[in-house]
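Undergrad: This is the structure, below, for whatever I ask next.
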Amino acid sequence: MNRQNIFLPLLLVLLACGIALAFWAEAMPFAFLCLATLLCLAATFYATLRKRPWNLVAWGLLFFLLGMMRCAAVLTLPPNDISHLAGNELKVTGRICAEPYRYTTADGSELIRYTAEARETKLKGVVRPAQGKLYIYAGKTDAPGRVGDEIAARGFLRRPHSYGNPGQLDTALLLQVDGIRARLFAGQAGAEITPTEEASFARNIASLREHYLTAMTEVMPKADAAAIFAMLFGGYGGIKPELLEAYTVTGIVHILSVSGSHVSLLAAVAAYLAALLRLPKSLGVILVGSLIFGYTAMAGFVPPAIRAGLMGFLAYLALALDREKEGQRLLWLTGIVMLLVSPLLLFHISFQLSFASTVGILVVAPVARRKLAKFFSAAAQGKAVFLISSFSVTLGTHLATLPIIAWYFQLISLSAFLANLLVVPIVEIIIIIGLAAGIIALALPMAGKIIFGLDSLLLGVTYEMTRALAALPYSQVYVPAMGGGLCCLYGLTLGLALLPPETRAALWAKIKIRRGEIGATVAAVVIICILRLALTPAEMAVHFIDVGQGDAALIVTPKGRAFMIDTGGTRDGNFDVGERVDIPYLRHCGVRELEYIFLTHAHEDHAAATGSISQKIPVKRIFTAGEGREAYLKSMKLSTASDKAGLLSEAVEGSRFVLDGVTVEVIFAPKVKAEALATGNEASNVYRVSYGEVSFLFTGDLDETNEQKLLAQGINPHSDVLKVGHHGSATSTSDEFLRKVAPVYGVFCVGKDNSFGHPRPQVLEKFRRQGIKIYRTDENGAVVFHTDGRKMRVETYR
């Protein structure tokens, strides 16, 4: 058994490595992979049957090839997949396969997002069969449709696209894991819904969830109903932002989505009922399994619910039946099967966190529990069993998920230990009586309303408790993102700590025998690292962040201090770029405060995100162009009474700022009266950032007219890297201006499939004619320049 608990996780790791290699290599010949896998399978069978010494190597290679083959198979789409028609205006007909999602945009418009299974398309009068899932966005209708209804919509079809920045959730990949490979925007024209009367399991389940939400909204505020509904079935729509923030800081935000903790809770309730009824263990397991299956069905059999059901049931089997080793073996087998069935799960944060949390519960928590129990006397252990169990499970899940949390969020919650002791038990009561209330309300509506009313009161209690815990010092602490090497070192250290004492003693005895060689190796590695650090010249890093159709750049000085030039944003305000893109990027890069933010002008796609950034990260000064403070506060969605308004001051042409040897020059700041602005681009400031002999020019949305004014003033704009004006619009970057700048590199900050047609082909051609190397954030993702003041190297995310 112990060997299996080493062999199985090793096979899982090799399977994951094969999937990752095939995914990143992309063009892997599927036929070759199938042949190689079959040959390896035959060799493995032979080696195992004949007990050859290399049979373990054969098994490892087999699972590595299986991972590559399965990933290549999933990435190979059929010829009639809907995603192949992306980039066209067409009509799609299909079937609604999930509950429509209603939401309100920043301008007050109400839209509906449908998840549909495509059946046919009509492009340029030609009707073709199609398959694959897609999102359809359409205006609100009185009859939004139900699961199983026919849907037809006309609009522009696009592939899902995510921001290309490290440490950020790849939303396009998350959708691909769930089978959604295209998006169609029908807009206010809406979609044609043809109701069908056929009864289906999915429709009945959707009606049951709708019953829960309707019953709750009758007796409590909509925000409370949304939060409790999320606790029961998942989803963040309609939840009060303050509640979401408090739950996030205290580390219990997973409660608002279907997770393994929900399933474990239901399993515990079922196990209690089985014990109360004195059922045999086998019947108890059947009862628990049935309840978990029923809950997964109520959640719509969505992939997160299925994953949570499997992981939660495994945790129950291991802990409730007191078979930790058996549970660990089932965990590794389940992970292998899930990745073989759906290899792209490897890249889904839901799977990563669910699996790592279950590892924490089944592998780390038992060890932590035994070590914690030693601090209590035998008599006290019985009284402190809840405290010991709760703390060990929380510690186990934190330790197991730390690399994932650090990579994506760079924050861990220390208050989670208190929240799990004080708040989570109340939340569990909310979930249990909430599920019961919905069933009771079917027969006794008034009784159901009373119970739901109690749920709302308990929710208020948890909100106040989490707010108080979130306000504690060090409630949430920063953790830097771990690279591959650091993750391996962390995993090795944690693995050694989890080894049984006798195994650790035997390992230490072997190390002592070879302590000379090991000591010399460690010393050599340390010396090499120190020499590398000492000999590597201090570098400035300039990051062009992928913020979609907008500009945002982060500059980090050789001593680690940072400032930004523009921050990005969206014109319609429907997506908070500062909160969702900039802040995660800054944290991933280890930036915890900004010395300055220099804004080229007040347009939202350059300045809007500054509001969110300044409220989350300390910013010392914000420099603007000349449109006036009110224009910037409006763009940032800040009031004149905000304490952040005092950070704003107008940049003066000719000003210079020096930070750790990095110089920022305001080389052009046009004086334009607000009433004289035609587009707002005329107000764009131009900044140049220099370090040693290397310089970067940031022109915002500077148009050709102001380019000529800049040159007429005798200003020399020469720079090595040009952030191309106005995202590559034809109204910027004249031939003369480009010749004067004479850059080696040109960076286009531009959104994928943007409606403006940026960058314009004629502008791209100008750069090619002059031999300028082009980078684009829509294609390359984040573009990072590193320079020691003389040489440069460039890294791109994609």
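Undergrad: Filter region 83-99 down to the residues that are within 25 Å of the chain's Cα centre (by Cα) and either open to solvent by 20 Å² or more (accessible area, probe 1.4 Å) or at pLDDT 95 or above (or both) and list them by number. Reasoning before the result, please.
TA: If we filter region 83-99 for residues that are within 25 Å of the chain's Cα centre (by Cα), which is where we start, we get 83, 86, 97-99.
If the condition is that a residue be within 25 Å of the chain's Cα centre (by Cα) and either open to solvent by 20 Å² or more (accessible area, probe 1.4 Å) or at pLDDT 95 or above (or both), then Ala86, Cys97, Ala98, Glu99 are the ones that fit.
Undergrad: Looking only at region 220-256, which residues are open to solvent by 30 Å² or more (accessible area, probe 1.4 Å), in contact (Cβ under 8 Å) with a residue 60 or more places away in the chain and small (Gly, Ala, Ser)?
TA: Across region 220-256, the qualifying residue is only Gly237.
Undergrad: Another one. Kindly list, by first and then second residue, each pair from a residue in region 758-773 that is farther than 22 Å from Asp605 by Cα to a residue that is small (Gly, Ala, Ser) and exposed (fewer than 14 other Cβ atoms within 10 Å of the Cβ), limited to pairs with Cβ atoms under 6 Å and residues at least 6 apart or on different chains.
TA: Matching pairs, first to second residue: none at all.
Undergrad: So, one more: Is at least one residue of region 433-444 out of contact with any helix residue (DSSP H, G or I) (no Cβ under 8 Å at 6 or more places or on another chain), open to solvent by 20 Å² or more (accessible area, probe 1.4 Å) and touching a residue at least 24 places away in the same chain (Cβ under 8 Å)?
TA: no
Undergrad: Which ranges mark the helices (runs of 4 or more DSSP H) fully within region 731-798 that have 2 or more residues being over 24 Å from the mean Cα position of the chain (by Cα)?
TA: Values: elements: 735-741, 761-769, 777-780.
Result: 735-741, 761-769.
Undergrad: Output the residue which, of all residues in region 746-791 that are over 14 Å from Gly548 (Cβ atoms) and β-branched (Val, Ile, Thr), is surrounded by the fewest Cβ atoms within 10 Å (Cβ to Cβ).
TA: This residue is Ile774.
Undergrad: Which of the residues belonging to region 297-306 are open to solvent by 10 Å² or more (accessible area, probe 1.4 Å) and in a helix (DSSP H, G or I)?
TA: First pass over region 297-306, keeping only residues open to solvent by 10 Å² or more (accessible area, probe 1.4 Å): 298, 300-304, 306.
Of everything in region 297-306, those that are open to solvent by 10 Å² or more (accessible area, probe 1.4 Å) and in a helix (DSSP H, G or I) turn out to be Met298, Pro303, Pro304, Ile306.
Undergrad: In region 176-200, which residue that is at pLDDT below 90 and under 21 Å from Leu346 (Cα atoms) is farthest from the chain's Cα centre (by Cα)?
TA: Gly179
Undergrad: List the residue pairs whose Cβ atoms are under 7 Å apart, where the first residue sits in region 574-590 and is of a type in the set (S, T, N, Q), the second is not in a helix (DSSP H, G or I), and the two are 6 or more positions apart or on different chains.
TA: Asn574/Thr105; Asn574/Ala106
Undergrad: Residues of region 147-162 being in a loop (DSSP other than H, G, I, E, B) and touching a Ser or Thr at 6+ places or on another chain (Cβ under 8 Å), which ones?
TA: Val147, Gly148, Asp149, Arg159, Pro160, Ser162
Undergrad: Could you tell me which residue of region 201-217 is nearest to the chain's Cα centre (by Cα), considering only residues that are open to solvent by 50 Å² or more (accessible area, probe 1.4 Å) and within 16 Å of Leu459 (Cβ to Cβ)?
TA: Leu213
Undergrad: Then there's this: I'd like the residue in region 401-416 that is assigned to a loop (DSSP other than H, G, I, E, B) and at pLDDT 85 or above and, out of all such residues, is surrounded by the fewest Cβ atoms within 10 Å (Cβ to Cβ).
TA: Leu414
Undergrad: Okay, moving on. Considering only residues that are touching a Pro at 6+ places or on another chain (Cβ under 9 Å) and outside any loop (DSSP other than H, G, I, E, B), look in region 175-186 and name the one that is surrounded by the most Cβ atoms within 10 Å (Cβ to Cβ).
TA: Per the criteria, the residue is Ala182.
Undergrad: List the residue pairs whose Cβ atoms are under 8 Å apart, where the first residue sits in region 713-724 and is under 18 Å from Gly789 (Cα atoms), the second is of a type in the set (Gly, Ala, Ser), and the two are 6 or more positions apart or on different chains.
TA: His718/Ser695; His718/Ala742; Ser719/Ser695; Asp720/Ser695; Val721/Ser695; Val721/Gly746; Leu722/Gly746
Undergrad: Give Ala538, Ala523 a once-over and let me know the one that is surrounded by 10 or more Cβ atoms within 10 Å (Cβ to Cβ), farther than 30 Å from Gly251 by Cβ and touching a Pro at 6+ places or on another chain (Cβ under 6 Å).
TA: Working: Ala523 fails: touching a Pro at 6+ places or on another chain (Cβ under 6 Å).
The conditions single out Ala538.
Undergrad: From Leu421, Leu459, grab the single residue that is assigned to a helix (DSSP H, G or I), under 17 Å from Thr217 (Cβ atoms), of a type in the set (A, V, I, L, M, F, W, C) and within 30 Å of the chain's Cα centre (by Cα). Show your work before the answer.
TA: Numbers: Leu421 fails: under 17 Å from Thr217 (Cβ atoms).
Only one candidate qualifies: Leu459.
Undergrad: If Pro9 satisfies all but one of (1) at pLDDT 90 or above; (2) crowded, with 19+ Cβ neighbours inside 10 Å, what's the number of the condition it fails?
TA: Against the list (1) at pLDDT 90 or above; (2) crowded, with 19+ Cβ neighbours inside 10 Å, Pro9 comes up short only on (1).
Undergrad: Now a separate question. Criterion first (in contact with a Ser or Thr (Cβ under 9 Å, 6 or more places away or on another chain) and outside any loop (DSSP other than H, G, I, E, B)) does Tyr687 satisfy it?
TA: Considered against the rule, which asks whether it is in contact with a Ser or Thr (Cβ under 9 Å, 6 or more places away or on another chain) and outside any loop (DSSP other than H, G, I, E, B), Tyr687 comes out as yes.
Undergrad: Check whether at least one residue in region 610-620 is modelled with pLDDT of 95 or more, more than 25 Å from Pro241 (Cβ to Cβ) and open to solvent by 10 Å² or more (accessible area, probe 1.4 Å), and report yes or no.
TA: yes
Undergrad: Pick out the one residue from Glu110, Glu117, Glu26 that is under 27 Å from the mean Cα position of the chain (by Cα), acidic (Asp, Glu) and modelled with pLDDT of 90 or more.
TA: Of the residues listed, the single one that is under 27 Å from the mean Cα position of the chain (by Cα), acidic (Asp, Glu) and modelled with pLDDT of 90 or more is Glu117.
Undergrad: Confirm whether Ala189 is surrounded by fewer than 21 Cβ atoms within 10 Å (Cβ to Cβ) and part of a loop (DSSP other than H, G, I, E, B).
TA: Spelling it out, Ala189 is indeed surrounded by fewer than 21 Cβ atoms within 10 Å (Cβ to Cβ) and part of a loop (DSSP other than H, G, I, E, B).
The values are calculated or read from the model by the stated rules, or taken from the named source; none is laboratory data. Only a predicted model underlies this, so the values are computations on that prediction, with no experimental measurement involved. Every residue, glycine among them, receives a Cβ derived from its backbone with ideal geometry; neighbour counts consider all protein chains shown. All accessible areas refer to the heavy atoms of the entire protein, side chains included, with ligands and DNA or RNA removed. Shrake-Rupley method; radii C 1.70, N 1.55, O 1.52, S 1.80 Å.
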